[in-house]
Each structure stands twice: as structure tokens, then as C-alpha cells.
Amino acid sequence: MSPIFDWPFALRIVPPLLRALVVTVEATVAGMLLAVTFGLLLAVVRRFGPKPLARIAGFVVNFVRSTPLLVQIYFLFYVAPLGGVMFSPFATGALALGLHYSAYCAEVYRAGIEGVPQSQWDAASALNFSRAHTLTRIILPQAIPPVVPALGNYLIAMFKDAPMLSVITVVELLQEGKIIGSETFRYTEPLTLVGAMFLLLSLFSASGVRYVERRLRLPGAVR
């Protein structure tokens, strides 16, 4: 009778799972970089841009948040090429993750910006600072540190959404585990290892977010 968990078999499948883990990490990191950058742009345009651009930014945020990530992945991979926009499966997946979470990051940034006291704007105006200087040197440095934990939550959530990229042929961690299971008819070991790797990845990400939060903590903030 074969054991419930075959350790020699589990050790043999670790290398391909680690290679797939790299793909998961790369897609998530690329998507998160896009999300935090484009999300900040959306938040700034929506809050301070000309009214037409602000409305467009608001529509983008609401539309993206109101549609499932899976639908967006399918659209970018199967529909966008019909209009001449074509990327590799990996690039499409990272782009989909980034665009999807940029809408959520935009709302987090907006909350942080609106949390800065109005007196900061008034003081900058009294000193005759330009609007751009006030935003980049005074407002954003105070608005971003408090929202780092929320942004970190989206990073962890993005790791757990990365398996959706398998629908466009990206062989990420969970897909590799399923492939191994279908080839060997043993699912206990690969899926257990996949779950353990995702857990370690989430714990490592949470630790990294806490480190960044401590580094960006404002003087006088409550510890």
C-alpha cells in the first residue's frame, strides 16, 4: 500500500515547482509595480486633474473594480489582439493583474491623500508653493506611509490570484502542481507543496510589507 504522503516523490517534484514559483513571483511583482504606479496616477488625476480627465479616471477605476479579473484576463488575451494589441501570455497576465489591482490601489491612495489635513495645503499655499511641488513634496510623503499596509494586502492577494493566469497558458505554481498530479496520478504531494509554498510566500510578503511600513513611518506616528 502506497503511503499517504510519499516524501521521496515530494522531493523529486520540488525543482519543477520552484521553477513555476519563480514565474508566479515574477508575474506578481511585475503586476504590483504596475498597480502601485498606475494606481497613483489614477488617484492623482481623479483628485486633481481637469474635470474631463478626472471623470475618465473615475470611470476606469469603477469599471475595473466592477468586472472580474478572469474576464479581464480573457479580454486582454483573446479580444485585444483583434485590435492589434498583442502580448505574450506572461506579459498579458502581468498586465491584467496590474490593471486590475491598480483600481483598488487608486482608492487606497485617494483615502491617504484625503487623510492629509487641509492645513498642509493652506500652509503650502501661504508659502507660495506650486500645486505640483505641494503634492509631490508635502502631501504624498504624508499620504503614502499610512496606506502601505493596505497596499501590502493587495500584494498578498495578487499572489493568490496569480493561478488565474493558467487560463492563458501561463504555467505558474498551481498549474505546475496540477500538471504533475495529472501525469503521476498523485495529487497529495504536489498540491500540499503548492499550498505550503503559497503560505511561505504570503508570510514573506507580509514581513516585507511590515519592514517597508517601519521604514516609511512618519516621525511622531503611533508605534
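Show the residues, 5+ positions off or on another chain, whose built amide H is closer than 5 Å to the amide H of VAL170.
none
Could you give the length gained on full extension between THR184 and ALA157, defined as 0.36 nm per residue of separation minus the Cα-Cα distance, in nm?
6.7 nm
Give me a comma-separated list of calculated 3J(HN,Hα) values for the stretch 5-22, in order, Karplus coefficients 6.51, -1.76, 1.60 applied at θ = phi - 60°, integers in Hz, x for any Gly or Pro.
Ordered by residue, 3J(HN,Hα) equals 10, 8, 5, x, 5, 4, 5, 5, 8, 5, x, x, 5, 5, 4, 5, 4, 4 Hz.
So what's the net charge close to MET197: Lys and Arg +1, Asp and Glu -1, counting the other residues with Cβ under 15 Å from its Cβ?
Here the charged neighbours net out to -1.
What number, in nm² with one decimal, is the all-direction average of the projected area of the convex hull of the alpha-carbon atoms of the stretch 123-223?
9.5
Can you give me the Rg/Rh ratio for the chain, using Cα atoms for both radii and the Kirkwood formula for Rh?
1.08
So what's the back-of-envelope 222 nm ellipticity for the chain, counting only DSSP H runs of four-plus at -39500 (n - 2.57) apiece and dividing by all residues, rounded to 500?
-23500 deg cm²/dmol
Using θ = phi - 60° and the Karplus curve 6.51 cos²θ - 1.76 cosθ + 1.60, what whole-Hz ³J(HN,Hα) does each residue of the stretch 69-85 get, with Gly and Pro shown as x?
Those phi angles translate into 4, 4, 5, 5, 5, 4, 4, 5, 8, 9, 9, 4, x, 5, x, x, 9 Hz.
Which whole-number percent is the relative contact order of the chain (Cα, under 8 Å, 6+ apart)?
Relative contact order here is 29 percent.
A short reminder: the numbers here are calculations on the coordinates, not readings from a lab. The shown structure was predicted, so the numbers you read here are calculated from the model rather than taken from an experiment. Every residue, glycine as well, gets a Cβ built from its backbone with ideal geometry; the counts of neighbours run over all protein chains shown.
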